[in-house]
Amino acid sequence: AMLVHMDDVALQVMALGALKVLSFDNIGKSTLRSRGTLSIVADIMQKHLRNPTIQSEGCVILGNLAVDNANHFVAPVTEKEVDAVIRGILAHPDSLEVHEAACFTLMSLASSAVNVELIRMNGMTRVSLELACQKHPEDVGNNIFTLLRRLKFDAPAPLLPPMTEQR
């Protein structure tokens, strides 16, 4: 239904709500991953970029599906999934809900070296993370600093502690 009715925002929100519930269950995760749900969710997020509910729910689903806690495994994703998360941050510069969900997802994905490279290669990663950190430093700042280190990026310049002179 999600693919047939791509333009129906209400249907997409309801479907993502159902997928979110299923994405917390290990059996559900496995089934959803095997049916290409990561790609489908990324497509929905790209199609409805201006809808913050779709962005935050999509991020949570992508993060949940990528992580298999039972087997201590993080599934590799594609550029499409990473790009959907990054674009969600940029499309909602003031949304704490989107930024928290996106940071959760990127932190989860960055537990895999393959995913770290994909996240680093996205030209908008650093800009989006700095934006989220500047908008919500108390809520997502620490997670973003950790993520930036994991990605081997420096901390955002405006948020670095002041340098003291050594004498």
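Give the dimensionless ratio obtained when the Cα radius of gyration of the stretch 31-97 is divided by 2.2 N^0.38 Å.
That works out to 1.10 for the stretch 31-97.
Could you tell me what % of all Cα pairs in the stretch 22-167 have separations over 19 Å?
The answer is 49 percent, as a whole percent.
Please work out how much accessible surface Ile27 shows to a 1.4 Å probe, ignoring ligands, DNA and RNA, in Å² rounded to 10.
Per-residue accessible area (Ile27): approximately 130 Å².
Of all accessible surface on the stretch 11-167 at a 1.4 Å probe, what whole percent is carbon and sulfur?
The C+S portion of the solvent-accessible surface of the stretch 11-167 is 55 percent.
With every protein chain present, what is the per residue accessible area of the stretch 1-41 (1.4 Å probe, Å²)?
I get 59 Å² per residue for the stretch 1-41.
Sorted by accessible area (1.4 Å probe), largest first, how do Phe153, Phe24 line up?
Result, largest first: Phe24, Phe153.
If I build a Gaussian network model for the chain, linking alpha-carbon pairs within less than 10 angstrom, which residue out of Phe73, Phe104, Phe145 has the largest mean-square fluctuation?
Fluctuation is largest for Phe73.
Where Lys and Arg each count +1 and Asp and Glu each count -1, what net charge lies around Asn64 among other residues with Cβ under 13 Å from its Cβ?
Local charge sum for Asn64: -1.
Cut-off under 17 Å on the C-alpha distance; same-chain residues fewer than 8 positions from Lys47 excluded. Which aspartates and glutamates are left, in chain and number order?
Output for Lys47: Asp7, Asp8, Glu57, Glu79, Glu81, Asp83.
Between beta-carbons, use under 13 Å as the cut-off and find the net charge around Gln12, counting Lys and Arg +1, Asp and Glu -1.
Taking every Cβ under 13 Å from that of Gln12, the sum is -1.
If you build the convex hull over the alpha carbons only and average its shadow over all orientations, what do you get for the stretch 1-72? Give it in nm² to one decimal.
Spelled out: convex hull of the Cα atoms, projected over all directions, averaged, 4.3 nm².
Taking the Cα centre of the stretch 19-71 as the origin, how large is its charge dipole in debye, to the nearest 20, when only Lys and Arg (+1) and Asp and Glu (-1) carry charge on their Cβ atoms?
So the dipole magnitude of the stretch 19-71 works out to roughly 120 debye.
The values are calculated or read from the model by the stated rules, or taken from the named source; none is laboratory data. Model, not experiment: these values are computed from the prediction. Note that each Cβ is placed from the backbone with ideal geometry, even for glycine, and that neighbours are counted across all protein chains shown. The area values use the complete protein model at the heavy-atom level, side chains included, leaving out ligands, DNA and RNA. Shrake-Rupley method; radii C 1.70, N 1.55, O 1.52, S 1.80 Å.
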